1. Using a 7 Å offset from Cα along Cα-Cβ at residue 31, what residues in the stretch 147-168 end up with backbone N under 17 Å from the label point?
2. For the stretch 63-158, just the Cα atoms, rotate onto the principal axes and tell me the three extents in Å, largest first.
3. Which residues among the stretch 272-290 fall inside the zone where the amide N is under 16 Å from a point 7 Å beyond the Cα of residue 167, along Cα→Cβ?
4. What order, most packed first, do the peptides 222-234, 121-133 have when packing is the mean number of other Cβ atoms within 10 Å of each residue?
5. Counting only C-alpha contacts under 8 Å and six or more residues apart, can you give the relative contact order of the stretch 171-272 as a whole percent?
6. Please list, in order, the residues from the stretch 291-306 whose amide nitrogen is less than 17 Å from a point placed 7 Å along the Cα→Cβ vector of residue 216.
7. Please express the shape of the chain as an equivalent ellipsoid: the semi-axes are the square roots of 5 times the eigenvalues of the C-alpha gyration tensor, given largest first in whole angstrom.
8. How many angstrom separate the Cα center of the stretch 246-276 from the Cα center of the stretch 90-165?
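Computed from the coordinates by the stated procedures, all read-outs in this text should not be read as laboratory data. Since the structure is predicted, the reported quantities are computational estimates derived from the model, not experimental observations. Reconstructed Cβ throughout: ideal geometry from the backbone, glycine too, with neighbour counts over all protein chains shown.
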């Protein structure tokens, strides 16, 4: 087998390694679940971007993720959405492949809180990505991967994710992050939020910092801190795009972290309980370990409406190369 290429401290897997792993003669112990975060309101996009078509037949970005997940051996898909667009979501999204793979839907709402807590008057958005993740506790009992609905991760990434989840079966508190290089994840249309990763010599996370505003400043990727000061980063900084591999024990750890979060931020209107923030706290406390593996796939996604034409162009290029059929689900 081709050796893994170690670059920039993160484990970088080349394309040939992916193909060999995908064709390896082994019997998977489990069929992992893919958990898709689709409850976001798309405030910067101006609408429900997770339902916006980018493929030639109206395929959404998450349709390509589900297609890749099926081919990588995932056994179930769980979506977290909001009640107010459930009917439209089931009609436009789930109906395409509910005959191909088991699908479940869970809901993220403001009042989905531990006993003794309530949301403040005036708050409109739910409590963030790790809060959304908690909504899957009752329906996910096996290793699971988690992704954003509006990010295109690439086929090789799903092969890596499925492989890691099978390896993790039967373990606890040993997770994985499929990371990307910062320079390949920026938008020309405005700032983005990314999880900046720090790692040790064995490619395990030592810290992950949620940077809520990253953009190029004089050509250099930079983030703005809480004091409105810009700090430079390098293009090859590994970042999280919320492609994680977890085992079910993470739900209980998350619940404990969420209670601590609410004790400090319950009355704030916009504070969010984010996956990178929860992971960073648990890593600092030496309660978990997280392997960082750099994906060989090209990432792209939609943050702003202006990003859509470029995504459509890239999808069409992949179809022309034969990576995807013109119509995903017939």
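1. Inside the label zone: 159, 162-163, 165-167.
2. 44, 28, 23
3. 289-290
4. Working: 222-234: 12.5, 121-133: 19.1.
Most protected by this proxy first, the peptides run 121-133, 222-234.
5. Here the relative contact order equals 33 percent.
6. Within reach of a label on residue 216, which here means backbone N under 17 Å from a point 7 Å along Cα→Cβ, the stretch 291-306 contributes 299-301, 303-304, 306.
7. 27, 24, 23
8. 15 Å
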